[in-house]
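Here's the structure we're looking at; comments come further down.
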Amino acid sequence: AARFNLGCLHLEQNNLPAAIAELTTFTVLSNKSVEGWLKLGTAQMRARQFDAAEKSLTTTLKLDQRQPEGWNNLGVVQLMRKRPRDAYLSFANALRVQTNCASALLNSAILAQQHLNDRPLALQRYREYLALKPTPANATAVAETARLLELELNPPPRVAPTNQVAQVNTPVNKPPVVTN
């Protein structure tokens, strides 16, 4: 337990090498700890050790498939490894487990927009993300992205040109006013 707690502390402080060392030792000693594998995979992901992170996160999910954070982080790793379809399935699994998983909603929206070119799905996910309570801290930026995507998908109607001649008002020369 001390190794796990120390690893989590290092992870919170973004001391990734120390976190990975402590959590690796912990998972060797407690290889059935879902939380240990999840934290190790998260530290490895943040350290950009994608092969190791994918293995740790897969182990997490073999032990317990009802881990939305595990599915979401696995999706991020898969995306970083240039496997957007696998990433989307992982985000979808996170949302199957927890329908209001904020990180999976936002990640799947970004993935659908930028990698899968599925703008309607992206807009749907952005809207679901913006409907979360409490309101996400980045809601203003996400709302602007959703608004622009909405305009792209549903552009305002164009004004049809007409062939009518425009009326030009020309000033009329008035006679000068005479005063006595």
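The values are calculated or read from the model by the stated rules, or taken from the named source; none is laboratory data. Given the structure is predicted, the values throughout are model-derived calculations rather than measurements. A quick note on method: Cβ atoms are made from the backbone with ideal geometry, for glycine too, and the neighbour counts reach across all protein chains shown. To get the accessible areas, we keep the full protein, side chains included, count just its heavy atoms, and leave off ligands, DNA and RNA. Shrake-Rupley method; radii C 1.70, N 1.55, O 1.52, S 1.80 Å.
Of note:
- Karplus-based coupling profile of the range 52-59, in residue order and whole Hz: 5, 4, 4, 5, 5, 5, 5, 4, with θ = phi - 60° in 6.51 cos²θ - 1.76 cosθ + 1.60 and x standing for Gly or Pro.
- Chain lengthening between Ala141 and Asn100 when straightened (0.36 nm per residue, less Cα-Cα): 12.9 nm
- In sequence order, calculated HN-Hα J values of the range 114-122 (Karplus, 6.51, -1.76, 1.60; Hz; x Gly/Pro): 8, 10, 9, 6, 10, 5, x, 5, 4
- Karplus 3J(HN,Hα) series, Hz, for the range 132-137 with 6.51 cos²θ - 1.76 cosθ + 1.60 (x for Gly, Pro): 4, 10, x, 4, x, 4
- Our helix-only sum for the chain, with -39,500 (n - 2.57) per DSSP H run of n ≥ 4 divided by its residues, gives a mean residue ellipticity at 222 nm of -21000 deg cm²/dmol.
- Cα gyration tensor category, rounded, prolate or oblate, for the range 5-46 with a/c compared to 1.5: prolate
- Modelled FRET efficiency - R0 41 Å, Thr25 with Arg83, Cβ distances, 0.05 increments: 0.85
- Rg(Cα)/(2.2 N^0.38 Å) for the range 90-165, N = residue count: 1.42
- Summed over the residues of the range 27-154 and divided among them, the accessible surface reaches 53 Å² per residue at a probe radius of 1.4 Å.
- Rolling a 1.4 angstrom probe over the range 1-149 with all protein chains present gives an accessible area of which 53% lies on carbon and sulfur atoms.
- Among Leu74, Leu153, Leu40: highest mean-square fluctuation, GNM of the chain, C-alpha pairs under 10 Å: Leu153
- Extension gain, Ala131 back to His115 (0.36 nm per residue minus Cα-Cα distance, nm): 3.4 nm
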